[in-house]
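To start, the structure under review is shown below, and the notes come after it.
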Amino acid sequence: MTELTKEQLYRPGMEGVPACHSKICFINGVEGILEYRGYPIEDLCKHSTFEEVSYLLLFAKLPNSSELKTFEKDLKKARSLSTEVLSLITSLPKTGHPMVMLQSVISALGLFDTHVDLRDEKKNYQSIINVIAKTPTIIAAFDRYRQNLEPVAPNEDLSHAANFLYMLNDKRPTELETRIFDICLILHAEHSLNASTFSTRVTASTRNNPYVSCSSGVGTLYGPLHGGANERVLQMLEAIGKVEFVRPFVEEKIAKKEKIMGIGHRVYKTKDPRSFVLQDIARELFAKQTDNTLLDIALELEKITGEKLSAKGIYPNVDFFSGLVYRILGFETDLFTPIFAASRTSGWCAHWLEQMEDNKLFRPSQLYDGDRKLSYIPMSDR
Ligand SMILES: CC(C)(COP(=O)(O)OP(=O)(O)OC[C@H]1O[C@@H](n2cnc3c(N)ncnc32)[C@H](O)[C@@H]1OP(=O)(O)O)[C@@H](O)C(=O)NCCC(=O)NCCS
C-alpha cells in the first residue's frame, strides 16, 4: 500500500481527521445519535441529573447511590470561592464579557490551589471537583458584581442546577425551573472532540493541570462559530422582530453567503438530537407566556432554512433553541455561553483524565507555503 503524502492527508480545519481514541461520547451525525459513555442523551435527560452525568463522564459508569452521594457532597463542599478569588473577580472590568472573565478566573483557580500535583490521583480528583463546582459560583459572582450586587453564597441544601440558579437570582428556583436547567446542563455536558474539547486536550497533553486545560476550553468555546453562537441566535431572532421578516432575512443571508446562527454543524448532517429536547422545553415554556413572537420566529426560521439549506445537511443545532429557553429562565444574553461552559467543564475534565491516562503530546505538522532562502534586505533598500 502506498503511503499518502502530507498534501493528501491535509484536511482544512482537520475535518474528519481522528486525533485520539476516546470512550466518552459517541455521535452519529447522519442519524442524529448522541450517547455519553454509551447511554442515549434522551434517556439521560429523562432520568438523570447533571451530577450523575458528570460522574458517568468522568468515571465511565453510572454511580451507585453511595458513590453519587459522595460525589454530590464533594461538589457541594467545593462550591465556595476564597476571598482572594472573589476579589480577583471584583477587580475585573464590569463591562467585560463574562467568557473572558471566566477563562482568566478558572486558570487563576490553579494559582490558589497549592496542592496541584499531576502524579497524585486524589489531588487531580480535587482539582476536577473544584473546576466543576466553582465555575457556576464564578459566573454568578461576576454577574452580581457587574450589577453592583453582593455575591450570593452557595447553598448546600440545593442541587448543582438549583444552586446555580439560586446564586444568579438570589431566589430559590421552582422545581420546574430546576429540572429544565438541569436538562440544559446535561445536554451541554459533553460533545466529543469539538474545538474546545480538542483545545482542552491539546493543553492537557503538555501535562497541564485541569484548571489551565479547561481555561483553554473556555477561550475556544467563546468564538461565534462554537459556543458563542447561542447568544447570537437570540440577538438574531430579536433583530428579525416579526415572523414575516424571516423569509427575506434568510434569503439575504444566503445571497450574501453569510452564516445564519444556530444552524449547521460540522458533524450533524441532520437535526441535532439536543435541539429536539430543547425545542420541546421551549414550547412548554412559551406556552405559559403571553408573547410567543421569538419562538414563532425561530420555528419559521427553521422551516425556511429547511427549505433552502437542508439539501446541504444544514439543520438547527443545539444553540438554536437553547437561547429561547435561557431567555425564559431570565438569564442575560451574555451569560448563555458561560452557562454552556459551566456544563461542559465535566466533559472537558473527562477528556483531561482520558488524555492523562495515555498521554501523547499533540504536535501536528503543517504544509509550508512560504518563501525560502531569501537574501536579507538592508533597511535602506526596503
Ligand atoms: C458550525 C459551522 C461552523 C460548521 O461549518 P462547516 O462544517 O465548516 O461547514 P461550512 O462552513 O464549510 O459550510 C458548508 C456549506 O453550508 C453552508 N452553511 C453552513 N452553515 C451555514 C449557516 N449557519 N448558514 C448558512 N449557510 C451555512 C455554507 O455556506 C457552505 O455552503 P457552500 O458549500 O455553498 O459554500 C457552520 O455551520 C456555522 O458557522 N454555523 C453557524 C454558527 C453556529 O451555529 N455554530 C454553533 C455550532 S454547534
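The values are calculated or read from the model by the stated rules, or taken from the named source; none is laboratory data. Values in this document were obtained by computation on a predicted structure and should not be read as measured data. Neighbour counts are summed over all protein chains in view; Cβ atoms, including those assigned to glycine, are modelled from backbone coordinates with ideal geometry. For the accessible areas, the whole protein counts, side chains as well, though only heavy atoms, and no ligand, DNA or RNA atoms are used. Shrake-Rupley method; radii C 1.70, N 1.55, O 1.52, S 1.80 Å.
Here are a few things to note about the model shown:
So that you can scan it fast, the table gives a plain yes or no per residue for (1) open to solvent by 10 Å² or more (accessible area, probe 1.4 Å); (2) under 16 Å from the mean Cα position of the chain (by Cα):
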residue	(1), (2)
Pro316	no, no
Phe320	no, yes
Gly323	no, yes
Tyr326	no, yes
Glu332	yes, no
Gly347	no, yes
Asp358	yes, no
Arg363	yes, no
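- When region 91-129 is filtered for residues that are of a type in the set (Val, Ile, Thr) and surrounded by 13 or more Cβ atoms within 10 Å (Cβ to Cβ), the ones remaining, listed by number, are Val100, Val105, Ile106, Val116, Ile128, Ile129.
Yes/no matrix, rows are residues, columns are (1) touching a helix residue (DSSP H, G or I) at 6+ places or on another chain (Cβ under 9 Å); (2) small (Gly, Ala, Ser):
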site	(1), (2)
Glu42	yes, no
His47	no, no
Glu51	yes, no
Leu62	yes, no
Ser66	no, yes
Ala78	yes, yes
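- Meets criteria (buried (at least 17 other Cβ atoms within 10 Å of the Cβ) and within 22 Å of Ile183 (Cα to Cα)) for Leu68: no
- Candidates in region 216-236 are the residues that are open to solvent by less than 10 Å² (accessible area, probe 1.4 Å) and modelled with pLDDT of 95 or more; of these, the one that is nearest to the ligand (Cβ to nearest atom) is Leu221.
- Single residue of Leu9, Leu4 found to be away from the ligand (no atom under 16 Å from the Cβ), within 20 Å of Val202 (Cβ to Cβ) and open to solvent by 50 Å² or more (accessible area, probe 1.4 Å): Leu9
- For Leu56, the stated conditions hold: it is without any contact (Cβ under 8 Å) to a residue 24 or more places away in the chain, within 20 Å of Arg344 (Cβ to Cβ) and open to solvent by less than 20 Å² (accessible area, probe 1.4 Å).
- Checked against (1) more than 10 Å from the ligand (Cβ to nearest atom); (2) under 28 Å from His21 (Cα atoms), Ile240 passes all but a single condition, namely (2).
- Of all residues in region 1-16 being charged (D, E, K, R) and within 24 Å of Tyr268 (Cβ to Cβ), the one that is modelled with the lowest pLDDT: Glu15
- Criterion applied to Val277, Val267, Val246 was being within 24 Å of Leu44 (Cβ to Cβ) and more than 9 Å from the ligand (Cβ to nearest atom), and the one residue passing it is Val277.
Matching residues to (1) closer than 21 Å to Arg179 by Cα; (2) open to solvent by less than 90 Å² (accessible area, probe 1.4 Å); (3) of a type in the set (Gly, Ala, Ser); (4) within 23 Å of the chain's Cα centre (by Cα):
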position	(1), (2), (3), (4)
Phe249	no, yes, no, no
Lys253	no, yes, no, no
Gly262	no, yes, yes, yes
Gln279	yes, yes, no, yes
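- For region 315-335, a residue qualifies if it is more than 10 Å from the ligand (Cβ to nearest atom) and among the acidic types (Asp, Glu), and the qualifying residues are Glu332, Asp334.
- Matching helices (runs of 4 or more DSSP H) fully within region 105-210 where at least 3 residues are within 16 Å of the ligand (Cβ to nearest atom) and more than 17 Å from Phe71 (Cα to Cα): 195-205
- Positions within region 172-191 being β-branched (Val, Ile, Thr) and free of Cβ contacts under 8 Å to residues at least 24 places away in the same chain, in sequence order: Thr174, Thr178
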